[in-house]
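Have a look at the structure below before the remarks.
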Amino acid sequence: MGNSSIKKRYLTQRMAMAILVAAVLLVVAPIIFILVYMIANGYSALSWEFLTQPPSQAGRAGGIFPAIIGTVFLMLGTIIFSLPVGVLAGVYLTEYARNNWITRLINMAIINLAGVPSIVFGLFGLAVFVLTLNLGMSLIAASLTLAAQALAMTITTSRESVMAVPREYREGALAIGVSKWQTIRHIVLPSASPGILTGAILAMSRAAGETAPILVVGAAFITSGLPTSPFDRFMALPYHLYTVSAHVPGMPADVKWGVAIILIVMVLFFNIIVALIRVKARKR
Amino acid sequence: MNNMPKVAKTFNRQYTENDRKRGSLGMKNVNLFYGSFQAVKEITLDIHTCSITAIIGPSGCGKSSMLRIFNRMNDLIPSARIEGKVEFGGIDIYEPGVDVVELRKRIGMVFQKPNPFPMSIYDNVAFGPRRHGIRNRFALDEIVEKSLMQAALWDEVKDKMGQSGLSISGGQQQRLCIARVLAVEPEVILMDEPCSALDPIATLKIEDLMSTLASNYTIVIVTHNMQQAARVSDMTAFLMVDDDHAGRLVEYGETAEIFTNPNNKKTEDYITGRFG
């Protein structure tokens, strides 16, 4: 009898194991499938010319160089506008704001900000940056729009990183007559910087993939040359991908997938940087 | 009273006039509350300058809370509230208008767990002076060397000043933290169970260091280790909680006196190991 109960337990264990493995496969398999499918269909479009030339024949030929550059500019713009505000807000909320209902309300609003659909940010950018501030459909308006969207993430990760700095460090500094701001500036922020940077780069790589918001604040399908000022319109990879996939008849399939590969590689590149920062931070 | 810890030295240091000029420290009728909980009740005592005062007592009797009153570290806890008078160099440090940053510069603190900053040994020691405006590299070098020598750490780290302060042993880290405090030239050094995380050899080194430092600094140490209090301190304050869980000063006097001939029965019970 004891023997059969043990057998039964082994069986349950094996079944549980099988279910867990199946769940993991269910998650991993589609990702692998998408990547393989993408590369199989798109690699023939990849070439030096594809990376370095402007498009011709409405994107059917030539390259995507202006879209790559536009996306890089967007990412930089997003980080330039959202990181300082995000860090300062995060520091204020953790170090200075009193723990009262207003602070809690603000924290809740920030968390909810992350759930606002991106097209809503696009409309916000159109109303505020393009029209009210009269920046026009431009790179800067799009950067500000994406930065507004990224704020939820930069503030949240800054808050969490600042909170994670051990209390002992702060006490050690305060106990030798160092002011609160000096403690924040010289102890808290350096210790929190890997986390803050991680959040910023993730926000940036997410901005790289946004299509809907930039659609209404300045992305163009084809521009004549690269943007020469922040007030120019620009091309961007996700919008380019959308247009060549949905609106250009007779588009070679491998070009679409080629654009997708480049976009994924760029995002992956930044995610690898994040991973490296984390590894380095853990070693300290 | 056979099992009482041995007293290694007696309170017989002669003060110079210069010693007396340095900030005198004391509290009068001090109550400390965390919200509605009273942590410390009606404490009155004067700390002797340029000597070592040990605060002893069972766990949770308010020793650390009492220590943190002296450099206003309790300010960091929003619900903390204090009553009574705490005087340092003739001023009440809880008066409005007292510069807490300046106060903490003059009354430094070493913590239970060594807490070097995640930066190089040199930068750890130079941190305070730099924040207080010393930028000259030569002056900083001098302060760092002098502080590390005072903390009896110089010989062990002089060849690895660029290494992380977290890379050295626990005992060395604690001495580094002491050097960090010494670098801002305080008058008083508060130590909150500085050896509780250290092995016996490292503990002995810190104790030797304290004895040396006591000729120039006023040291107040919280310890749960009675032998340590008996070994290093000149004065001993014994704290205990009443039924209301607030810490009270049961007895305060010369260490030799407290450990050989306590006035209070509770003190005697505690130091002979009958409870705690």
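Just checking, which of B:Leu67, B:Leu103 is assigned to a helix (DSSP H, G or I) and either without any contact (Cβ under 8 Å) to a residue 40 or more places away in the chain or more than 14 Å from every other protein chain (Cβ to nearest Cβ) (or both)?
Going through B:Leu67, B:Leu103 in turn, just one is assigned to a helix (DSSP H, G or I) and either without any contact (Cβ under 8 Å) to a residue 40 or more places away in the chain or more than 14 Å from every other protein chain (Cβ to nearest Cβ) (or both): B:Leu103.
What number goes with the only condition from (1) within 12 Å of chain A (Cβ to nearest Cβ); (2) touching a Pro at 6+ places or on another chain (Cβ under 6 Å) that B:Ser167 does not pass?
Condition (2) is where B:Ser167 drops out.
Which condition number in (1) surrounded by fewer than 23 Cβ atoms within 10 Å (Cβ to Cβ); (2) of a type in the set (Val, Ile, Thr); (3) touching a residue at least 12 places away in the same chain (Cβ under 8 Å) is the one that B:Ile134 fails?
Every listed condition holds for B:Ile134 apart from (3).
Restricting to region A:147-206, what's the tally of residues that are on the phi < 0 side of the Ramachandran plot and within 14 Å of chain B (Cβ to nearest Cβ)?
The qualifying residues number 32.
For region B:165-192, what are the residues that are more than 14 Å from the chain's Cα centre (by Cα), over 14 Å from B:Ala214 (Cα atoms) and surrounded by fewer than 24 Cβ atoms within 10 Å (Cβ to Cβ)?
B:Leu166, B:Ser167, B:Ile168, B:Ser169, B:Gly170, B:Gly171, B:Gln172, B:Gln173, B:Val184
Residue by residue, here is whether (1) in contact (Cβ under 8 Å) with a residue 12 or more places away in the chain; (2) small (Gly, Ala, Ser) holds:
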{"position": "A:Ala147", "(1), (2)": "yes, yes"}
{"position": "A:Thr157", "(1), (2)": "yes, no"}
{"position": "A:Glu171", "(1), (2)": "no, no"}
{"position": "A:Ser179", "(1), (2)": "no, yes"}
{"position": "A:His186", "(1), (2)": "yes, no"}
{"position": "A:Gly199", "(1), (2)": "yes, yes"}
{"position": "A:Ser205", "(1), (2)": "yes, yes"}
{"position": "A:Ala212", "(1), (2)": "yes, yes"}
{"position": "A:Gly250", "(1), (2)": "yes, yes"}
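Looking at region A:210-229 only, could you name the residues that are within 14 Å of A:Gly125 (Cβ to Cβ) and either touching a Leu at 6+ places or on another chain (Cβ under 6 Å) or crowded, with 18+ Cβ neighbours inside 10 Å (or both)?
Within region A:210-229, A:Glu210, A:Thr211, A:Pro213, A:Ile214, A:Leu215, A:Val216, A:Val217, A:Gly218, A:Ala219 qualify.
Going by what's in this entry, would B:Arg231 be described as out of contact with any Lys or Arg (no Cβ under 6 Å at 6 or more places or on another chain) and within 14 Å of another protein chain (Cβ to nearest Cβ)?
So B:Arg231 does not fit the description; no.
Give me a count of the residues in region B:138-164 that are under 21 Å from the mean Cα position of the chain (by Cα) and either exposed (fewer than 13 other Cβ atoms within 10 Å of the Cβ) or within 14 Å of chain A (Cβ to nearest Cβ) (or both).
Count: 2.
Suppose we filter A:Val162, A:Val130, A:Val178, A:Val188 for residues that are part of a loop (DSSP other than H, G, I, E, B) and in the same structural domain as A:Ala97 (by TED's automatic domain parsing); which single one remains?
The unique qualifying residue is A:Val178.
Could you tell me whether B:Tyr94 is more than 14 Å from every other protein chain (Cβ to nearest Cβ), over 26 Å from B:Val184 (Cβ atoms) and in contact with a strand residue (DSSP E or B) (Cβ under 8 Å, 6 or more places away or on another chain)?
Here the answer is no, as B:Tyr94 does not meet what is asked.
Considering only residues of region B:211-246 that are under 30 Å from B:Ser36 (Cβ atoms) and modelled with pLDDT under 90, which is surrounded by the fewest Cβ atoms within 10 Å (Cβ to Cβ)?
B:Asp243
A:Gly136 versus (1) part of a helix (DSSP H, G or I); (2) away from chain B (no Cβ under 14 Å); (3) surrounded by fewer than 18 Cβ atoms within 10 Å (Cβ to Cβ): which is the lone unmet condition?
Of everything listed in (1) part of a helix (DSSP H, G or I); (2) away from chain B (no Cβ under 14 Å); (3) surrounded by fewer than 18 Cβ atoms within 10 Å (Cβ to Cβ), A:Gly136 misses just condition (1).
Which one of these is touching a helix residue (DSSP H, G or I) at 6+ places or on another chain (Cβ under 8 Å) and farther than 11 Å from B:Ala54 by Cβ: B:Asp234, B:Asp208, B:Asp242, B:Asp199?
From the options B:Asp234, B:Asp208, B:Asp242, B:Asp199, the qualifying one is B:Asp199.
Is it true that A:Pro117 is closer than 30 Å to B:Val125 by Cβ, at pLDDT below 95 and of a type outside the set (A, V, I, L, M, F, W, C)?
No; evaluated as a whole, the condition is false for this residue.
Report yes if some residue within region A:16-23 is modelled with pLDDT under 90 and either of a type outside the set (Ser, Thr, Tyr) or under 30 Å from A:Ala253 (Cα atoms) (or both); otherwise report no.
Taking every residue of region A:16-23 in turn, none turns out to be modelled with pLDDT under 90 and either of a type outside the set (Ser, Thr, Tyr) or under 30 Å from A:Ala253 (Cα atoms) (or both).
Look through A:Gly42, A:Gly86, A:Gly70 and report the one residue that is touching a Phe, Trp or Tyr at 6+ places or on another chain (Cβ under 8 Å) and under 30 Å from A:Leu151 (Cβ atoms).
Within the list A:Gly42, A:Gly86, A:Gly70, the selection yields A:Gly70.
Across region B:1-29, what is the total count of residues that are outside any helix (DSSP H, G or I) and either within 20 Å of B:Thr267 (Cβ to Cβ) or at pLDDT below 90 (or both)?
Residues flagged as outside any helix (DSSP H, G or I) and either within 20 Å of B:Thr267 (Cβ to Cβ) or at pLDDT below 90 (or both) within region B:1-29 amount to 20.
Which pairs have Cβ atoms under 7 Å, sit 6 or more apart or on different chains, and link a residue in region B:106-120 that is at the interface with another protein chain (Cβ under 7 Å from one of its Cβ atoms) to one that is of a type outside the set (Asp, Glu) and surrounded by fewer than 18 Cβ atoms within 10 Å (Cβ to Cβ)?
So the pair list comes out as B:Lys113/B:Ala197; B:Pro118/A:Arg284; B:Pro118/B:Ser164; B:Pro118/B:Leu166.
The values are calculated or read from the model by the stated rules, or taken from the named source; none is laboratory data. Bear in mind that the values here come from a model prediction, so they are computed numbers and not experimental data. Every residue, glycine among them, receives a Cβ derived from its backbone with ideal geometry; neighbour counts consider all protein chains shown.
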